[in-house]
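Here is the structure we will look at, set down as structure tokens.
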Amino acid sequence: MGDPTAVAPARPPLLAIVGKKHAGKTTLTVRLSAELTRRGHRVMTLKHGSHTFNLDPAATDTYRHFHEGNAERVAMASPDKFALVMRWERELAPEEIAARYLADAELVLCEGFKASALPKVEVFRAAVHPSALWTDGPANASSWRVMVSDVPVPGFPGASIDLDDTSWLDALADWVEREYLSPAPP
């Protein structure tokens, strides 16, 4: 049994980047992370996948450790990177993953997790889909905060950012700083 007076690890704020397939979630996540990092913030990302993955190809030593050796965890270390692959019995919520592994971030951008209660930024492009996720009426529609879109989304109650405006990334980064981040160090 753990110490009942122990404090749970702090969890940084999480912001989910959502959208339908091929809407631009990865592009938005990468560009927003790079811009916030450029502004001096410590940003980490968490990608939700609907299927399993392998960090290294078959026949590598670490692949063999995990798949042939059935190791519970395999840590891969090199002079410039570290990765940990571990088995779990249940998928952890993004909040729990951030608390355990990303607690020293100022902000965690979560790509996906559209069914979660996390606050959300949706990227929607009318050329790719006829409607936004939010328009389709998800059960957690109140968690949507920003719509980044190339067309107006009627009735959207949150902030709207026009993808056709060349300053859309600055506008989104400004919004994130106002809502989730302390002023960046000089």
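Odds and ends about this structure:
- When 108, 148, 121, 128 are screened for being farther than 18 Å from residue 22 by Cβ and modelled with pLDDT of 95 or more, only 108 passes.
- Cβ-Cβ under 6 Å pairs, at least 6 apart or on other chains, the stretch 116-142 side within 20 Å of residue 165 (Cα to Cα), far side surrounded by fewer than 20 Cβ atoms within 10 Å (Cβ to Cβ) and hydrophobic (A, V, I, L, M, F, W, C): 126/151; 132/153
- Answer from 136, 174 - the residue that is of a type outside the set (Val, Ile, Thr) and under 21 Å from the mean Cα position of the chain (by Cα): 174
- Within the stretch 46-76, the set of residues being under 30 Å from residue 19 (Cβ atoms), surrounded by 10 or more Cβ atoms within 10 Å (Cβ to Cβ) and modelled with pLDDT under 85 comprises 54, 55, 56.
- Residues that are surrounded by 13 or more Cβ atoms within 10 Å (Cβ to Cβ), within 24 Å of residue 176 (Cα to Cα) and either touching a residue at least 24 places away in the same chain (Cβ under 8 Å) or not charged (D, E, K, R) (or both) occur in the stretch 86-93; there is at least one.
- Matching residues, the stretch 103-126, being buried (at least 18 other Cβ atoms within 10 Å of the Cβ) and among the aliphatic types (A, V, I, L, M): 105, 107, 108, 109, 118, 121, 123
- For the stretch 127-170, taking the residues that are of a type in the set (Ser, Thr, Tyr) and in a helix (DSSP H, G or I), the one that is surrounded by the fewest Cβ atoms within 10 Å (Cβ to Cβ) is identified as 142.
- Positions within the stretch 143-162 being free of Cβ contacts under 8 Å to residues at least 60 places away in the same chain, under 13 Å from residue 121 (Cα atoms) and among the aliphatic types (A, V, I, L, M), in sequence order: 146, 147, 159, 161
- Condition met for residue 139 (farther than 13 Å from residue 19 by Cβ and among the small types (Gly, Ala, Ser)): yes
The values are calculated or read from the model by the stated rules, or taken from the named source; none is laboratory data. Since we're looking at a predicted model, the values are computed, not measured. Using ideal geometry, Cβ is built from the backbone for each residue, glycine included, and neighbour counts are taken over all protein chains shown.
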